[in-house]
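A short reminder: the numbers here are calculations on the coordinates, not readings from a lab. Model, not experiment: these values are computed from the prediction. Here the Cβ positions follow ideal geometry from the backbone for every residue, glycine too, while neighbour counts run over all protein chains shown.
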Amino acid sequence: MLTLDYHALLPELIVAGTVLVTLVVDIVTRRKHLVAIIGVLGLFAAAVPILTLSFCGSLDFCSSTEASRVMFGGAYVIDGYALVLKGVFIFAGFVALLLSIGYLESDRYYEGEYYFLLVASVLGGMAMASSRDFVSMIVALELVSGPAFMLAGWRKGDARSNEASLKFFITGVIALALTLFGVSLLYGLTGTQQFDQIAVLSETVADVPLFTLAVIFIVLGFGFKVSAVPFHFWTPDTYQGAPPPVTAWLSVGSKGAGFVALLTVCYLALPAATDVWGPLIWIVAALSMTVGNVVALKQTNVMRLLGYSSIAQAGFMLAPFGAVAASGAGDLARPFQATITYFVIYAVMNLGAFGTAIIIGQRVGSYELEDWGGLSKYATGVALSLAVFFMSLAGVPPLAGWFAKFAMFRATIGVGNWWGYSIAIVAAVNAVIAFVYYAKVMKSAFFDDVPEGIDVDVAMSDAIPAPIGLAVGLAVVGVFLFGVLPGLAANVGNFSTDLLGTLGL
Amino acid sequence: MTVSIADWFKETANWVFILLAIPTLLGAWRTVTSNNIVRSVLYLVVSLGGAAAMFLSLGAAFVGWTVVLVYIGAVIILFLIGIMITRAPLGMKAELSHASNVRMPAALLSLSMFVLVAWGLIDAFSNTAIEPFEPTPTSDIANLIFSRFVVPFEVVSIVLLAALIGGIALARRDDGGGA
């Protein structure tokens, strides 16, 4: 008889229930924003068991005093790492839903189904964070991207949106095929698809060339999902063409799922192959930073600019991991912590940046940078919020971004050999390049003149929709909180790796 | 322990393999090269049928029949219905055959991929003898799905639900307006 730890599964169960309820509510009501509100409440409710699970380990009266709850023989694990990531996915879904409410009201496409798909995608991310075998992980990864493919093409009448969806879909499917092929080879070699068993059994096949090939396929497949260079070609077109709230979800939720997959698989399943994926990730990280930032310099459309910026940020996130693994310096816990810390901060500031961009886009009617000129002269608050997020992305203290960069540099330089130093230099050069284009947006918003054709009175005629305002406000608070109290973010990163440590890995 | 070519041909199972592999490969080849999309789909049936038969010959009855039911039975029909309802022009279509300037790189890429994987597989498994085994009863698979793999199973059901709902919303003809 199968016994389940319902407390541990509660967050997923609540969100799964929410997915179904949104569908039913969509049928019975004509007021579609109710569907979104149910989605928001469901995600909010799912955050409660995540908190209770987080503190359960330190409380005596809890049903399980184990820090991590292992289910199905190690195939599904609720530990600090999983909980932190679930929290990030819920937050990202929460913000994306809030951004969508205001956005879809001004648009004339199906609404109820849209919210349903978005919540389903969040559920995928949550299941993904706990998956510790390939079957669960890939199915969950598809639940993240499947709805996202369709959401990207939601504006059916818009050719750009169609292009966004199709490019995303085709590259996504190719990436999936590549990963699955690698997984099948790995299964053939080891006879198992569960991460902890692969880690043990793969030591005997570490010298077989086919094992190397399988690892390369898997890492490359996930590389598409995180849109790292050279697998990034779909990203700018998709980010520009998809409805902006969907882009916000893609840049954090969908990309995050790719990161989780890459890190979990490399760290838990493939420690025997660090000499393969270490240099690979090192190269991909260096390329992503450089190409993403250099191309972003020339962008005139803010959505494309944020697209390239997110490619570059992916490079920053991977850098410590690649440096430590490539040099074979052993302890992967520290880069792991740096990467998770970076990801948590990136999620908050990037969602805020997209939220602000959506507010401005709706008022100005364009995402072209030249139309954003002189924003501060007629919308000071919005321009300030733009400054907060873009300066945070650039890494200016006291905004959260500086600590993300600091943790990344500390981990890469801490390696203490040329793998670490060289990528730290690449990252430093790139941080400067990145500052240039983030500052370019600032200059446009604060110092340029209001361009002809932008009617300030029309642009300012509506108040900011409350849901978007709430989403951006939350992100502003987050950016300052993490920036002023960096210990908070570091603790989150520590929390996730401490518990990974208790698994004996 | 290496097997000589002559010994290889003495084995009946290998003849079965060859008989199944030839139509599978030809079907796959014609699927890609055919200029008519309906024919492409029908050639795919041949290829998938060969793959299913190969699973059966390996004793993996469940996987074999799943390929028949799901791929040949459902996915191919879906392709044909998809072609019909989108009112795609049937018959020969010049655009289906790619411009010749991408043919060579594509062929080169596929070939090198094939050589790489084939070499890897031969290197890893050529000397591995497969022990005779009892075919897995389907009831074991069913038990596993509802115990060990219950989370991915439930997740798949939501993937399919999402695909269904999203597909309808996207494919539905409308004047750009929602309900």
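Amide H of A:I454: which non-local residues (sequence gap of 5 or more, or other chain) have their own amide H closer than 5 Å, using H built in the peptide plane? For A:I454, whose amide H was placed from the backbone, there are no distant partners under 5 Å.
Over chain A, what is the relative contact order in whole percent, taking alpha-carbon pairs under 8 Å and six or more residues apart? Relative contact order of chain A: 15 percent. What's the angle, to the nearest 10 degrees (0 to 90), between helix A:80-105's Cα axis and the longest principal axis of chain A? The helix A:80-105 is inclined about 20 degrees to chain A. Near the amide H of A:N301, within less than 5 Å, lie the amide hydrogens of A:L369, all on another chain or at least 5 residues away, with H placed in the peptide plane. When the alpha-carbon atoms of segment B:1-94 are used, the pair Rg, Dmax equals 16.8, 57 angstrom. Listed by Cβ neighbour count within 10 Å, with the fewest neighbours leading, A:L213, A:L118 appear as A:L213, A:L118. In terms of surrounding Cβ atoms within a 10 Å radius of their Cβ, A:R410, A:R155, A:R132 rank from fewest to most as A:R410, A:R155, A:R132. Distance from the Cα centroid of segment B:99-129 to that of segment B:22-53 is 19 Å (rounded to whole angstrom). Using C-alpha pairs under 8 Å with a sequence gap of at least 6, the mean separation divided by the residue count of segment A:274-505 gives a relative contact order of 28 percent.
Ordering A:F44, A:F406, A:F336 from the fewest to the most neighbouring beta carbons within 10 Å gives A:F44, A:F406, A:F336. The Rg/Rh ratio of the protein assembly as shown, with Rg taken over Cα atoms and Rh as the Kirkwood radius over Cα pairs, comes to 0.97. Residue by residue along B:143-153, Cβ atoms of other protein chains within 10 Å of the local Cβ number 5 on average. Applying the Karplus relation 6.51 cos²θ - 1.76 cosθ + 1.60 with θ = phi - 60° to segment A:42-49 yields 3J(HN,Hα) values of x, 5, 4, 5, 5, 6, 5, x Hz, where x marks Gly and Pro.
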